[in-house]
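Notes to accompany the following structure.
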Amino acid sequence: MLGLGILDAFAREAMLFAAVGLLIGGIDDLLVDLVFLARRSLMPNTGRRALDDLPLPAEPARLAVFVPAWDEARVIGAMLKSAVSRLDHPDWRLYVGLYPNDPATVDAAAAAAECDPRIRLVIGDQMGPTTKAGCLNTIWRAMQRDDAAEGLATRAIILHDAEDVVHRAELRVFDALLARHDVIQLPVLPLIKRDSRFVSAHYADEFAETHCTLPQRCGVRDWEHDDRAPSSVRQKGNAPCCGGTSGWRLPRITSETRPWLQPTRAAA
């Protein structure tokens, strides 16, 4: 009986400890929701806006889409063809970062690039795989060379993965908001594979947890000018965020939801 009493006391204390922890975690989540609701009630004009309501610039900006690709032969061709057919903007280029020891991905990307000169293949000097940041920096330098050769300046950079299905209007959204924001983020939605319910549904749950809950302000106003590319784009799951070296700063937050950050940069 003494042993059962000790066990019962230990269980009660453990449950009390767990309940306090859950309460603290719940209050933390509740505070974020309360801040969001208070902001919406005090600033009613910050809700969702339709694409037709966005103020489009008089002169479209040149935009560059970066797609780092290692061992993506199965998806990169379809992704590029889909992007070319979907993107609705008059001035864009799509750079694909590739590796010399990944010929299958190079061949698949090259087949898609033959159909549209706006697709630029960038094969780095290093054997893959390297870090994603290293591949993005290689693409950045290629974009700078193109800008110098053409005497033009790319206004913004958009990051995509090799399996992404791009939204038709995303470049128009970026172009419309660049005058006010230097970093813009868009929601990321999972595509469900009905023949892979376990993996696909788990993936969708992670997206719902990461991208579709607890709206909050998270964007960036301005980056200082620097001729170097950002040295890191850290990725957790499928939610990349911005990083950089000295000379790049991330000031105040401006945007409206929690998905992924799209680093952009003002023309020099």
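Computed from the coordinates by the stated procedures, all read-outs in this text should not be read as laboratory data. As the structure is a prediction and not an experimental result, all values here were calculated from the model. All Cβ positions, glycine included, derive from the backbone under ideal geometry; neighbour counts span all protein chains shown.
Note on the stretch 2-42: Cα Rg divided by 2.2 N^0.38 Å, N the number of residues, gives 1.97. Based on a Kirkwood Rh over C-alpha pairs, give the Stokes-Einstein translational diffusion coefficient of the stretch 19-167 at 37 °C and viscosity 0.692 mPa s in µm²/s. Stokes-Einstein gives a translational diffusion coefficient of 180 µm²/s.
Less than 11 Å Cβ to Cβ from Leu98, Lys/Arg counted +1 and Asp/Glu -1: what total charge do the surrounding residues give?
Details: positive: Arg120; negative: Asp71, Glu72, Asp102, Asp107.
Charge balance near Leu98 sits at -3.
In the stretch 65-104, the ratio of gyration radius to Kirkwood radius, Rg to Rh, stands at 1.01 when only Cα atoms are counted.
Could you sort 21-31, 170-180 so that the peptide with the highest average Cβ count within 10 Å comes first and the rest follow in order?
170-180, 21-31
When the alpha-carbon atoms of the stretch 109-201 are used, the pair Rg, Dmax equals 16.5, 51 angstrom.
When the charge dipole of the stretch 2-42 is built from unit charges on Cβ atoms (+1 for Lys and Arg, -1 for Asp and Glu) and taken about the Cα centre, the candidate among Leu16, Val32, Gly5 whose Cα reaches farthest toward its positive end is Val32.
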